[in-house]
């Protein structure tokens with residue numbers, strides 16, 4: 001018996017001012033939206049009249065500040081209108097950031113624009129708010145730096161990285177981020193618990209490069225940062241949030257949907273309610289367990305409410321999203337890239353893991369002694385190891401081995417075959433050229449893509 005495909009529905013909606021149409025869809029079910037009349041936006045990105053936009057596999061909200069008519073074609077899993085939204089409060093934040101950018105630019109290179117960090121639990125809508133703030137800034141002719149510290153669900157590059165990119169255009173609704181020359185540091189794992197000290201080091205390295213850019217460009221300094229973070233906010237996660245705030249010199253923290261987190265920040269950064277001063281802030285430790293230089297003044301804390309349209313993602317969906325991100329890197333968003341299989345002699349590759357792990361059981365150590373573990377140490381990996389197959393490796397920008405742990409990466413390759421008899425390693429590359437470096441970094445990121 002042949003099953004017929006479900007016929008795509010065509011639904012028309014007329015939205016009143018300050019309302020939104022929330023749409024949820026599956027990746028294997030094509031859904032498009034089209035603005036027919038009025039004005040509307042998705043995550044702050046303007047919809048163009050008459051243009052059909054593919055939103056398959058996405059959870060979005062079409063918002064109008066005035067009123068509009070929208071056509072939805074396809075079979076979304078959920079579609080409904082909502083009049084109670086926190087959009088006005090998000091826009092108020094944008095307006096305050098605008099004033100800070102203008103003041104910073106007027107002051108020249110001696111003043112920095114807003115550096116905004118979004119903090120909150122998993123599935124609280126942080127990345128969506130970040131997109132809005134970026135798109136509104138771009139529409140106002142600014143080019144803020146977008147920073148993504150979420151190693152599990154990174155929106156700039158593959159999982160296992162901290163990254164930054166200059167946002168000079170609105171975020172494409174179909175392609176999401178399509179960054180040009182992003183700044184990427186490869187942490188190598190989807191969990192910060194694997195090597196938190198090296199995660200801190202990656203953030204510090206990223207912050208140092210961005211600071212240099214601000215030093216030479218008053219416009220970049222004034223535009224500021226929008227920083228997305230992990231949803232890991234307890235214990236170690238909270239420590240990493242504080243570290244990011246100090247390392248990136250954040251002056252605005254947007255706390256989404258978590259009063260406890262806001263109270264912790266208030267205590268630890270010496271901020272009193274309704275005031276920019278308070279008790280002496282607690283020191284924040286660097287990757288080398290030394291105190292980072294304290295912020296010149298406590299960050300401004302702003303409480304934001306979670307949108308009712310935020311959808312919770314299951315563990316399975318998160319895992320699939322990570323795999324999709326690797327696939328997009330090699331094949332493009334719409335399959336426009338043609339990766340190639342390259343082979344090179346194993347002797348030409350220098351592969352490292354970052355961080356040493358003690359294999360000595362604590363029970364056999366002398367009383368009071370501790371195993372010495374260096375979270376930043378380079379551990380050579382045999383290029384002929386069969387464990388490399390289906391592993392993602394970062395191509396380091398380092399020019400010497402001792403620079404690997406502190407260098408950004410040029411891109412990634414996926415190991416496909418190890419020929420021990422011939423001493424050859426074959427890997428998939430997104431471009432038909434040899435790697436720009438002989439130094440590669442291996443983590444725990446793997447992929448089953450072809």
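The values are calculated or read from the model by the stated rules, or taken from the named source; none is laboratory data. Given the structure is predicted, the values throughout are model-derived calculations rather than measurements. Please note: Cβ atoms are built from the backbone with ideal geometry, for glycine as well, and neighbour counts cover all protein chains shown.
The set of residues in the range 220-245 that are within 17 Å of residue 256 (Cα to Cα) and free of Cβ contacts under 8 Å to residues at least 24 places away in the same chain contains only 234. Scanning the range 312-323 turns up no residue that is in contact with a strand residue (DSSP E or B) (Cβ under 7 Å, 6 or more places away or on another chain) and at pLDDT 85 or above. Against the condition surrounded by 21 or more Cβ atoms within 10 Å (Cβ to Cβ) and not in a helix (DSSP H, G or I), how does residue 188 come out, does it pass? Judged against the criteria, residue 188 is a match. In summary, residue 72 fulfils each of the numbered conditions (1) buried (at least 17 other Cβ atoms within 10 Å of the Cβ); (2) under 25 Å from the mean Cα position of the chain (by Cα); (3) not assigned by TED's automatic domain parsing to the domain that holds residue 127 with the single exception of condition (2). Residues that are free of Cβ contacts under 8 Å to residues at least 60 places away in the same chain, closer than 25 Å to residue 124 by Cβ and in contact with a strand residue (DSSP E or B) (Cβ under 6 Å, 6 or more places away or on another chain) within the range 48-92 comprise 56, 62, 63, 64, 76, 77, 78, 80, listed in sequence order.
Only a single criterion out of (1) within 26 Å of residue 307 (Cα to Cα); (2) part of a loop (DSSP other than H, G, I, E, B); (3) within 15 Å of the chain's Cα centre (by Cα) is not satisfied by residue 174, namely (3).
Looking for something surrounded by 12 or more Cβ atoms within 10 Å (Cβ to Cβ), assigned to a loop (DSSP other than H, G, I, E, B) and modelled with pLDDT under 85 - is there at least one such residue anywhere in the range 370-377? Show your work before the answer.
So the first thing to find is which residues in the range 370-377 are surrounded by 12 or more Cβ atoms within 10 Å (Cβ to Cβ), and the list is 371, 373-377.
Pick out the ones that are also assigned to a loop (DSSP other than H, G, I, E, B) and you get 371, 373-377.
Going one step further and asking which of them are modelled with pLDDT under 85, we end up with 371, 373.
So far as the range 370-377 goes, yes, one or more of its residues are surrounded by 12 or more Cβ atoms within 10 Å (Cβ to Cβ), assigned to a loop (DSSP other than H, G, I, E, B) and modelled with pLDDT under 85.
The sole residue among 20, 26 that is assigned to a loop (DSSP other than H, G, I, E, B), out of contact with any helix residue (DSSP H, G or I) (no Cβ under 6 Å at 6 or more places or on another chain) and not assigned by TED's automatic domain parsing to the domain that holds residue 219 is 26.
Only one of 204, 174 is more than 24 Å from residue 414 (Cβ to Cβ), at pLDDT 95 or above, surrounded by fewer than 23 Cβ atoms within 10 Å (Cβ to Cβ) and in the same structural domain as residue 156 (by TED's automatic domain parsing); which? Exactly one of 204, 174 is more than 24 Å from residue 414 (Cβ to Cβ), at pLDDT 95 or above, surrounded by fewer than 23 Cβ atoms within 10 Å (Cβ to Cβ) and in the same structural domain as residue 156 (by TED's automatic domain parsing), namely 204.
With respect to the conditions (1) part of a strand (DSSP E or B); (2) surrounded by fewer than 17 Cβ atoms within 10 Å (Cβ to Cβ), residue 333 falls short on a single one, namely (1). Residue 150 meets all of the listed conditions (1) free of Cβ contacts under 8 Å to residues at least 24 places away in the same chain; (2) assigned to a loop (DSSP other than H, G, I, E, B) but one, namely (1).
One residue is enough: does the range 267-279 have a residue meeting the conditions loosely packed, with under 15 Cβ neighbours inside 10 Å and at pLDDT 85 or above? The answer is yes, given that some residue of the range 267-279 is loosely packed, with under 15 Cβ neighbours inside 10 Å and at pLDDT 85 or above.
For the range 103-120, the tally of residues that are surrounded by fewer than 21 Cβ atoms within 10 Å (Cβ to Cβ) and out of contact with any helix residue (DSSP H, G or I) (no Cβ under 8 Å at 6 or more places or on another chain) stands at 4.
Look at residue 160 and say whether it is under 13 Å from the mean Cα position of the chain (by Cα), buried (at least 22 other Cβ atoms within 10 Å of the Cβ) and on the phi > 0 side of the Ramachandran plot. Yes: the conditions hold for residue 160. Residue check: residue 232 meets all listed conditions (1) at pLDDT 95 or above; (2) closer than 30 Å to residue 313 by Cβ but one, namely (1). Here residue 231 passes the criteria (1) out of contact with any helix residue (DSSP H, G or I) (no Cβ under 7 Å at 6 or more places or on another chain); (2) in a strand (DSSP E or B) except the one numbered (2). Identify the residue in the range 378-416 that is touching a helix residue (DSSP H, G or I) at 6+ places or on another chain (Cβ under 8 Å) and in a strand (DSSP E or B) and, among all such residues, is farthest from residue 331 (Cα to Cα). Selected residue: 378.
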